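A short write-up of the structure that comes next.
The values are calculated or read from the model by the stated rules, or taken from the named source; none is laboratory data. Computed from a predicted structure; not experimentally measured. Please note: Cβ atoms are built from the backbone with ideal geometry, for glycine as well, and neighbour counts cover all protein chains shown.
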Amino acid sequence: MATTVAPPPTKQQQPATAEDKARDARRKDRIDRWLWRILGYVFFLGLWEYASGGLMDETLLPGPTHVFTTFLELWDTGAVPGAFATTLTRIGMGFSIAFVVGMVVGVLMQNRFLNGFFRDAVTIGVTTPGLIWALLTAIIFGNRTQGPLLAIVLTTFAIITVNVAEGIKSIPRDLVDMAKAFDIGVVKRNRQIVLPHLAPFMFTGIRFGFSIAWKVTVLTEVFSSSSGIGFEMRTASQLFALDEFLTWILGFYVLALFLEKVVLEQIERRFFGWRTTIGGVK
């Protein structure tokens, strides 16, 4: 008489929790966004490669493969690291000064009299194109270091100022009054209430100001500098070396995207890591 062996009991699948569903949805959204972003790069680079030699002469429009080869050649000569280091140093110094000035002026503008003193200067700083400051500093300072630094400060400090001033105005007065009622010190009150509230406004000003500082720095280097990315662009255009010119432009784009999407976003994400999304899922 044959005996049958009962199959081992199967483990019942646990129903997905809300946290699992939210995690899967975020993963799917991240994959979709990266897929379409990569497809966008493939499409435009492919169109560029086809136009070079197909629609236009390659000497007038070098293709991405030619530009990439030129980039490697310039890197081997040391021109790329040196130019990028020079430009980044100018941006770092100029934007640091602009950030401090913008923070101080933004705080001082809470006073009614100082608000009237600084208001028109901040308005001029926000509305004046960076090209004007680049030309003005180039005429005054020539190829000296002070020119790019001053152009960066004049162009970007007002953006920091406006964001800080608006952030201070929107601080909940009830929280400040409650902290004073409980006799909380000024240092702890600023650290626990004021700074966390101002942080989003500060990061917004930093991201917008940093993007403008890039443009102004390169403009000043194009007009008056003897080193940096802008100077290399000017030299390549004067020599009609379009492959080198496009190489410097693409290098500028890649570095700007890296600093914006990787460095600044990572710092912002780490700074606001305590925040939770809707539903309490990190």
Next on the checklist: For the list (1) surrounded by fewer than 20 Cβ atoms within 10 Å (Cβ to Cβ); (2) outside any helix (DSSP H, G or I), I need the number of the one condition that Gly116 fails.
Outcome noted: (2)
Item to check | Candidate set from region 160-172 (those that are within 24 Å of the chain's Cα centre (by Cα) and not hydrophobic (A, V, I, L, M, F, W, C)); member that is surrounded by the most Cβ atoms within 10 Å (Cβ to Cβ) | outcome: Thr161
Item to check | Failed condition for Gly147, given (1) farther than 16 Å from Ser224 by Cβ; (2) in contact with a Phe, Trp or Tyr (Cβ under 6 Å, 6 or more places away or on another chain); (3) in contact (Cβ under 8 Å) with a residue 60 or more places away in the chain | outcome: (1)
Next on the checklist: When the residues of region 19-72 are narrowed to those that are of a type in the set (S, T, N, Q) and touching a residue at least 60 places away in the same chain (Cβ under 8 Å), which ends up surrounded by the fewest Cβ atoms within 10 Å (Cβ to Cβ)?
Outcome noted: Thr59
Checklist entry - What number goes with the only condition from (1) modelled with pLDDT of 85 or more; (2) more than 21 Å from Ala236 (Cα to Cα); (3) more than 25 Å from the chain's Cα centre (by Cα) that Thr77 does not pass? => result (2)
Item to check | Options Thr128, Thr123: the member that is surrounded by 14 or more Cβ atoms within 10 Å (Cβ to Cβ) and modelled with pLDDT under 90 | outcome: Thr128
Next on the checklist: Quick check on this structure: which one of Thr123, Thr145, Thr89, Thr137 is closer than 20 Å to Gly205 by Cβ and not aromatic (Phe, Trp, Tyr)?
Outcome noted: Thr123
Item to check | Options Ile184, Ile212: the member that is in contact (Cβ under 8 Å) with a residue 40 or more places away in the chain and at negative phi | outcome: Ile212
Checklist entry - In region 1-57, which residues are at pLDDT below 75 and polar (S, T, N, Q)? => result Thr3, Thr4, Thr10, Gln12, Gln13, Gln14, Thr17
